[in-house]
Amino acid sequence: MLIHKRAYEFLKDLKSEEKQRIVDKLKQLEDFPAVRLDIVKIAGETDTFRLRIGNYRALFKVYEQEKIIVIVKIDIRKRIYQ
């Protein structure tokens, strides 16, 4: 799993308990698609999904050939899709 720089920067600025909650959910993504989380495919995007973590959302891309998940963006719900 890889984390894009802007997702990392967002995580860096969070309080430790919020950061830990998000990191725990992201670690569960390693078993994607067998994992049972609140995940929805983004309409109009290829291999891009949204993970809901309370008031936060994480956008990630799945590269099945390389077996890599890239966390593209993490933000609060109202700003994630901008």
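The values are calculated or read from the model by the stated rules, or taken from the named source; none is laboratory data. What you see is a predicted model, and the numbers here were worked out from it, not measured in a lab. Every residue, glycine among them, receives a Cβ derived from its backbone with ideal geometry; neighbour counts consider all protein chains shown.
If you scan region 59-82, which residues turn out to be under 20 Å from Glu17 (Cβ atoms) and in a strand (DSSP E or B)?
Ile71, Ile74, Asp75, Ile76
Of the residues in region 45-58, how many are part of a loop (DSSP other than H, G, I, E, B) and of a type in the set (S, T, N, Q)?
Within region 45-58, residues that are part of a loop (DSSP other than H, G, I, E, B) and of a type in the set (S, T, N, Q) number 2.
Could you list, ordered by first residue, the pairs with Cβ atoms under 7 Å in which the first is in region 59-77 and touching a residue at least 40 places away in the same chain (Cβ under 8 Å) and surrounded by 11 or more Cβ atoms within 10 Å (Cβ to Cβ) and the second is small (Gly, Ala, Ser) and not in a strand (DSSP E or B), at least 6 apart or interchain?
What qualifies is Ile71/Ala7; Val72/Ala7; Lys73/Ala7; Ile74/Ala7.
Mind checking whether some residue in region 25-41 is at pLDDT below 90, surrounded by 14 or more Cβ atoms within 10 Å (Cβ to Cβ) and not aliphatic (A, V, I, L, M)?
yes
Which residues, counting only those in region 1-44, are over 20 Å from Ile76 (Cβ atoms) and not in a strand (DSSP E or B)?
Those that are over 20 Å from Ile76 (Cβ atoms) and not in a strand (DSSP E or B): Met1, Lys27, Gln28, Glu30, Asp31, Phe32, Pro33, Ala34, Val35, Arg36, Ala43, Gly44.
Considering (1) in contact (Cβ under 8 Å) with a residue 60 or more places away in the chain; (2) more than 23 Å from Leu14 (Cβ to Cβ), say which one Gly44 fails and leave the rest.
(1)
Name the single residue, out of those in region 46-58 being within 17 Å of Arg21 (Cβ to Cβ) and not small (Gly, Ala, Ser), that is surrounded by the fewest Cβ atoms within 10 Å (Cβ to Cβ).
Among residues in region 46-58 that are within 17 Å of Arg21 (Cβ to Cβ) and not small (Gly, Ala, Ser), the one surrounded by the fewest Cβ atoms within 10 Å (Cβ to Cβ) is Asn55.
Just one of Tyr63, Tyr56 is modelled with pLDDT under 95 and among the hydroxyl-bearing types (Ser, Thr, Tyr); which is it?
Only one candidate passes the filter, namely Tyr63.
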